[in-house]
Amino acid sequence: MLSDLRSWAATLGFSQIGVADVDLTSAEPGLLAWLDNGFHGSMAYMAAHGLKRARPAELVPGSVRVITARMDYLPRDTPEGWQAVEWRGLHDPARANVSIYARGRDYHKVLRQRLQQLADRLAEAVGPFGHRVFTDSAPLLEVELAARSGIGWRGKHTLALDREAGSMFFLGEICVDLALPLTPPVQPHCGSCSACIDVCPTQAIVDAYRLDARRCISYLTIEHDGPIPVGLRAPIGNRIYGCDDCQLVCPWNKYARKSTLPDFDVRADPGHASLLQLWAWSEADFLRLTEGSAIRRIGFVRWQRNLAVALGNALRGEACEAPGDAVSEGTGQHMRHALSARRDAAGALVREHIDWALER
Ligand code: SF4
Ligand code: SF4
């Protein structure tokens, strides 16, 4: 059955399939400690799900196994040495940087559809069965499930990674009421490396395997809907949606794989745009040009808030790690005019970030 599942999954664009038990009891203390520390920030749904996240059988009654799936997402035209290209982009203060996974089609849609197709294919073979597909980390401890079922090990940055595929992949799950054979975990291979901890711009990885989401740029630019704490604005640099630094630095990502699907190909907008181009978008532009992208989920206000922070960093030279990375005086003038022009019409949240950006 597992070999059939793997072959159906491969035709749907998944690179690996595992099967985990639903008993995650031993992960519960870690989850509770993480929540008690408030590391989930304003992601209230994390706390609301509570221990259900570690109890798939409570989330989906009748479940006895979780099928875990990995889908690689590096775009098909990713060049050799892509990490160096990414680092260069992060040092170009006038350019917007969007996390690699969000440059193509919304992965939620891609994974959900394909996981459902995989479940349908399984039902054709074994008859109807109880199941539910998950394509996001919120309700389930998905890295824990992935680690237990051999999709990878949990890295010190808290993401799953694999010796032959790095960490540039999405995870998906299907809770099932079928007693499928379990797949074994793999050995962890972080060893004495701490590159992800050291590189994190906001020191969000407070200890190995412990992430304070409140400090993480991915959380701050995507999940968090209030003001970005002033002390964390400068290290955000030009990252307007997510952050890949802890993955870019990870040695195992030299083995990261390209997607086989066109869905994750980079879209022209906003994949390779300047901050000024994106700042010029109206809300209608934002809705039109991010249609079908995960970026659309954050809404126009957070989008503008993030851009204001990045523009402020460009003006301050905060995104620059080398002399010469600073924006030219002419570009700086354009940025100041563009920020000022939007100030009065902006709502309170964006206006406060514009004011911060313009403070010199
Ligand atoms: S995504 Fe960025 S901010 Fe978050 S832990 Fe990784 S390096 Fe730090
Ligand atoms: S950078 Fe090093 S410590 Fe971090 S996940 Fe990769 S191998 Fe593990």
Original post:
On full extension of the chain, what length is gained from residue 177 through residue 123, given 0.36 nm per residue of separation minus the C-alpha to C-alpha distance?
Top reply: 18.3 nm
Original post:
Where does each of 274, 63 land when they are ordered by accessible area, with a 1.4 Å probe and the largest first?
Top reply: 274, 63
Original post:
To the nearest 10 degrees, how steeply does helix 329-343 sit against the main Cα axis of the chain, on a 0 to 90 scale?
Top reply: 80
**OP:** Return the loop-located GluC sites (Glu not before Pro) in segment 161-239 (DSSP other than H, G, I, E, B) with at most 15 other Cβ atoms within 10 Å of their own Cβ; answer none if there are none.
**Re:** 164
Original post:
Given a 1.4 Å probe, how much area per residue of the chain is accessible, in Å²?
Top reply: 42
Subject >> Neighbour-limited loop hits for GluC sites (Glu not before Pro), segment 33-114 (at most 10 other Cβ within 10 Å; DSSP other than H, G, I, E, B) >> reply: 80
Subject >> Listed residues 219, 241, 73, most fluctuating in the chain (Gaussian network, C-alpha, under 10 Å) >> reply: 219
Original post:
Which residue, 99, 42, 328, has the most motion in a Gaussian network model of the chain that connects Cα atoms within less than 10 Å?
Top reply: 328
**OP:** Using a 1.4 angstrom probe on the protein heavy atoms only, line up 158, 260 by accessible area, largest first.
**Re:** 260, 158
Original post:
Between rounded, prolate and oblate, where does segment 88-209 land on the alpha carbon gyration tensor, with a ≥ b ≥ c its root eigenvalues, rounded for a/c under 1.5, else prolate if a/b exceeds b/c?
Top reply: oblate
Original post:
Sorted by packing (mean other beta-carbon atoms within 10 Å per residue), highest first, where do 119-130, 7-18, 347-358 land?
Top reply: 7-18, 347-358, 119-130
Original post:
Separation between the residue 4 and residue 77 pseudo-spin-labels, each 7 Å from Cα along Cα→Cβ, expressed in nm?
Top reply: 4.0
Original post:
Picking from 235, 29, 93, which is most flexible by a Gaussian network model of the chain using Cα springs under 10 Å?
Top reply: 29
Original post:
Taking the Cβ-Cβ separation of residue 341 and residue 88 as r and a Förster radius of 25 Å, what is the calculated FRET efficiency to the nearest 0.05?
Top reply: 0.25
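The values are calculated or read from the model by the stated rules, or taken from the named source; none is laboratory data. Source: prediction; values computed, not measured. Here the Cβ is made from the backbone with ideal geometry for all residues, glycine too, and neighbour counts use every protein chain on show. Ligands, DNA and RNA are stripped out before the accessible areas are found, and what is left, the full protein with its side chains, is counted by its heavy atoms. Shrake-Rupley method; radii C 1.70, N 1.55, O 1.52, S 1.80 Å.
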